[in-house]
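Data first, discussion second: the structure below is written as structure tokens.
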């Protein structure tokens, strides 16, 4: 049995100018997760580390850099699952949190529930002492540009196809 | 969407997936990511999967659990991942990708979309790719 970490940065069409950034970021996240395993950390520690790193990278559609909803706002979802216990935790439609995956892990570790959503997830985050981040800090110029472009009638079909990939 | 799966020194598997959702989605829309069996699944008996792609179709076929069902039937992680994605494409017309591990440390990164950025670290070797076949 060999320890391993495998990460992805999302399926779909990746524009040329972003492909190198994406490849180096997923490589760095996999390396970081693997370092956790080498240090004796659990597989759960490793996946949360890797995904947190990707959430903090504006090149990806999660955390900072999330796509915007129809109103131009960020609503994020995350899930963790532990294969040893089948323990799981999730959050949906959560706002103002830098790392939804860490909040999902808290749902698993600190509650008897599987998923907390929207305002309930925010209340839980506050009760756990998770720092609230300004909404604007999760929005990038790129995500705002895509949102604007997609509002226009006759939007680029490639862009629309990209948008269908969650 | 971003995600990860891992196997640790004790053979325990785990998955994590996170997303901002879908471009210009309706307010309140929730896709596959936070749903057990769709956005991810982990069970030491079969393995762990994190998914990405068209959320509504991933949910219809519970893609992560589907891939693990194929592993339980004796398929390799690679074949099981391809079979799950192929089923989703043929049955509901959805495209996407998965990263998959089994408890012995076998792994796969497979996708039916044009591209998926992925990377795997094992035994001090880093593998990565963006296009099919890399």
Would you tell me the mean number of C-beta atoms belonging to other protein chains that fall within 10 Å of each C-beta in A:49-59, as a whole number?
4
What is the angle, in °, between the Cα long axis of helix B:77-92 and the longest principal axis of the Cα atoms in chain B? Nearest 10 is fine, range 0 to 90.
10 degrees
Return the calculated 222 nm mean residue ellipticity for chain B, to the nearest 500 deg cm²/dmol, obtained by summing -39500 (n - 2.57) across DSSP H runs with n ≥ 4 and dividing by the residue count.
-7500 deg cm²/dmol
Taking Cα atoms only, helix A:141-151 is inclined relative to the longest principal axis of chain A by an angle, in degrees rounded to 10, of 60 degrees
What's the Cα-based Rg to Rh of segment B:60-134, Rh via Kirkwood?
0.97
Taking a ≥ b ≥ c as the square roots of the Cα gyration tensor eigenvalues, with a/c under 1.5 meaning rounded and otherwise prolate when a/b beats b/c or oblate if not, segment A:89-130 comes out rounded
What is the fewest-to-most order of B:75, A:8 by other Cβ atoms lying within 10 Å of their Cβ?
B:75, A:8
When a/c reaches 1.5 or more, the comparison of a/b and b/c decides; with that in mind, is segment B:1-108 rounded, prolate or oblate per its Cα gyration tensor?
oblate
Taking a ≥ b ≥ c as the square roots of the Cα gyration tensor eigenvalues, with a/c under 1.5 meaning rounded and otherwise prolate when a/b beats b/c, else oblate, which class fits chain A?
oblate
Can you give the convex hull volume per residue for the Cα atoms of segment A:51-137, as a whole number of Å³?
91 Å³
Restricting the count to DSSP beta bridges whose residues both fall in segment A:3-141, what percent are antiparallel, rounded to a multiple of 5?
65 percent
Per residue convex hull volume, Cα only, the protein assembly as shown, in Å³ is 111 Å³
Connecting C-alpha atoms closer than 10 Å in a GNM of chain B, tell me which of B:124, B:82, B:43 has the biggest fluctuation.
B:124
If you count, for every residue in A:23-35, the Cβ atoms of partner chains within 10 Å of its Cβ, what is the mean?
6
Would you mind ranking B:25, A:71, A:84, A:16 by Cβ crowding within 10 Å, fewest neighbours first?
A:16, A:71, A:84, B:25
What does the average come to when, for each residue of peptide A:91-103, you count the partner chain Cβ atoms lying within 10 Å of its Cβ?
3
What helix-only [θ] at 222 nm does chain A give? Using -39500 (n - 2.57) per DSSP H run of at least 4, over all residues, to the nearest 500, the answer is -14500 deg cm²/dmol
Nearest-ten-degree value, helix A:118-127 long axis tilted from longest Cα axis of chain A:
40 degrees
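Every read-out reported here was derived from the displayed coordinates using simple, explicitly stated rules and does not represent laboratory data. Not measured: the values here are computed from a predicted model. Glycine gets a Cβ as well: all are built from the backbone with ideal geometry, and neighbour counts include every protein chain shown.
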